[in-house]
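The values are calculated or read from the model by the stated rules, or taken from the named source; none is laboratory data. Because the structure is a prediction, the values reported are computed rather than measured. Glycine also receives a Cβ, built like all others from the backbone with ideal geometry; neighbour counts cover every protein chain displayed. Side chains are part of the model used for accessible areas, which takes the heavy atoms of the whole protein and leaves out ligands, DNA and RNA. Shrake-Rupley method; radii C 1.70, N 1.55, O 1.52, S 1.80 Å.
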Amino acid sequence: MNGLLCYCRAGFEPELAGELTERAAMAGFAGYARTERNTGYVLFICDDADALSRGLPWSTLIFARQKLRLFADLQGLDPSDRITPMLAALPKNIRFGELVMEHPDSDASKPLAGLARSLGNALRPALRKAGALTREDNARLQCLHVCLLDGDHALLASSEPEDSAPWPLGIPRLRAHADAPSRSALKLEEALLVLVNERERVSLTHDGARAADLGASPGGWTWVLVRNGLHVQAIDNGPLQGQLLDTGKVEHLRADGFSWQPPQPLDWMVCDMVEQPRRVAERMATWFREGWCRYAVFNLKLPMKKRWQETQLCLELFAQQAQKPLIIRAKQLYHDREEITVFATIKRG
Ligand code: SAM
């Protein structure tokens, strides 16, 4: 079994399958996607999985929370000894730096958590004894993933540290803050962690950095920006949490986020307005075309149908209408529901 194993939000398997199929074809690889609705994962079977994996970097996949190189599909495992067939299926001459035991993020798979833990405790020493796992965890080496689909069914896969999410299942564990005005704060925190690199993140914290938050009420995203040190113009007809205004770093403007424009160029703009994704994409493009911001994070709320097509269309529209070269990264984050999050900045040089 050769291919990719990608995890996604349960229910978004058709979108991920469509994305993998189209992206693989564009990169010149033959293959096919295998999936079932609400399982939280998609397999993409193809002969040259190493080359395909290099051609589809994890950071460029929108609906994949994680991307792994699949090398074994072990079915009918004997509950009294699941380890021997796993050791036999390992690629020769590879010493992994870590073992990750996981199961897809779906309701049906949740009961497998206990088994994954106990099997991991038994498998780890067996892998070390076989010379397939380093004595100490080494995050610079390939990581071995065992994905339990059932008590007698496991997928074996590997990840490259530079080309995969560093969190099990691609889900960063973020703690909800009691004083955040809304749970939406976690969405922006995750976006800044997953989509923005360290160099870009510095721009958040430079002295006197300024931002706009379109669709800011009740203030979760504004709260994240203020915690990062920015001064924020928060645009929304709805109310903002009082404590935010007390910081002296927030100006609340009751205005329409589709027509408001900043009096002077800003460093950052974020937008969480619930609106038609095309309309949002066009407005975001205007901000970059007019030079109103250097960095942006925005959400595109997806329709019920043809969500992969709509995603492509909106991102193309955004890139085209910005009329300047942009770096664009988009992902359906763990805290996103029927939406994706986009980061954009102007390409330099
Ligand atoms: N990001 C916010 C947070 O973290 O608390 C939550 C935003 S909520 C999902 C969407 C907001 O967009 C609503 O408060 C709504 O009033 C606002 N909104 C929708 N259309 C808007 C528009 N045209 N102009 C300004 N705000 C708008």
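Out of the residues in region 52-90 that are β-branched (Val, Ile, Thr) and more than 20 Å from LYS331 (Cβ to Cβ), which is most open to solvent (accessible area, probe 1.4 Å)? Step through it out loud before you land on a result.
Keep residues of region 52-90 that are β-branched (Val, Ile, Thr), which gives 60, 62, 83-84.
Applying the additional criterion that residues be more than 20 Å from LYS331 (Cβ to Cβ) yields 83-84.
On the way: ILE83: 33, THR84: 81 Å².
Looking at the filtered set, the residue picked out is THR84.
Step by step: first the residues of region 204-248, then only those that are surrounded by fewer than 22 Cβ atoms within 10 Å (Cβ to Cβ) and among the charged types (D, E, K, R), then the one that is farthest from the ligand (Cβ to nearest atom). Which residue is that?
ASP207
With the structure loaded, tell me whether PRO166 is open to solvent by less than 50 Å² (accessible area, probe 1.4 Å), of a type outside the set (D, E, K, R) and under 24 Å from the mean Cα position of the chain (by Cα) or whether it fails that test. Full working, then the answer.
Values: open to solvent by less than 50 Å² (accessible area, probe 1.4 Å): no; of a type outside the set (D, E, K, R): yes; under 24 Å from the mean Cα position of the chain (by Cα): yes.
No; evaluated as a whole, the condition is false for this residue.
Which condition does GLN321 not pass, out of (1) over 18 Å from GLU19 (Cα atoms); (2) not in a helix (DSSP H, G or I), if it passes all the others?
Unmet for GLN321, out of (1) over 18 Å from GLU19 (Cα atoms); (2) not in a helix (DSSP H, G or I): (2).
If you take the residues in region 308-344 that are of a type in the set (Lys, Arg), surrounded by fewer than 21 Cβ atoms within 10 Å (Cβ to Cβ) and in contact with a helix residue (DSSP H, G or I) (Cβ under 7 Å, 6 or more places away or on another chain), which one is modelled with the lowest pLDDT? Explain how you work it out, then say what you get.
So the first thing to find is which residues in region 308-344 are of a type in the set (Lys, Arg), and the list is 324, 329, 331, 337.
Keeping just the survivors that are surrounded by fewer than 21 Cβ atoms within 10 Å (Cβ to Cβ) gives 324, 329, 337.
Applying the additional criterion that residues be in contact with a helix residue (DSSP H, G or I) (Cβ under 7 Å, 6 or more places away or on another chain) yields 324, 329.
On the way: LYS324: 95, ARG329: 98.
Selected residue: LYS324.
Is it true that some residue in region 262-284 is open to solvent by less than 50 Å² (accessible area, probe 1.4 Å) and on the phi > 0 side of the Ramachandran plot?
Here is the first cut: in region 262-284, the ones open to solvent by less than 50 Å² (accessible area, probe 1.4 Å) are 262, 266-273, 277, 280-281, 283-284.
Next, only the ones that are on the phi > 0 side of the Ramachandran plot stay: none.
No, because not a single residue in region 262-284 is open to solvent by less than 50 Å² (accessible area, probe 1.4 Å) and on the phi > 0 side of the Ramachandran plot.
Give ARG337, ARG329 a once-over and let me know the one that is within 23 Å of TYR7 (Cα to Cα), basic (Lys, Arg) and not in a loop (DSSP other than H, G, I, E, B).
Numbers: ARG337 fails: not in a loop (DSSP other than H, G, I, E, B).
Just a single option satisfies the conditions, and that option is ARG329.
The conditions are (1) over 25 Å from THR39 (Cα atoms); (2) open to solvent by 20 Å² or more (accessible area, probe 1.4 Å); (3) assigned to a helix (DSSP H, G or I), and LEU141 fails exactly one of them. Which is it?
Single failed check for LEU141: (3).
Could you say which residue among ASN38, ASN93 is among the polar types (S, T, N, Q), open to solvent by 60 Å² or more (accessible area, probe 1.4 Å) and either at pLDDT below 95 or under 19 Å from ARG124 (Cβ atoms) (or both)? Don't jump to the end; show me each part of the working.
Working: ASN38 fails: either at pLDDT below 95 or under 19 Å from ARG124 (Cβ atoms) (or both).
Result of the check over ASN38, ASN93: ASN93.
Do you know which residues across region 301-338 are of a type in the set (Asp, Glu) and either farther than 20 Å from ALA165 by Cβ or not assigned by TED's automatic domain parsing to the domain that holds VAL196 (or both)? Reasoning before the result, please.
Initial filter on region 301-338 (of a type in the set (Asp, Glu)): 310, 316, 336, 338.
Across region 301-338, the qualifying residues are GLU310, GLU316, GLU338.
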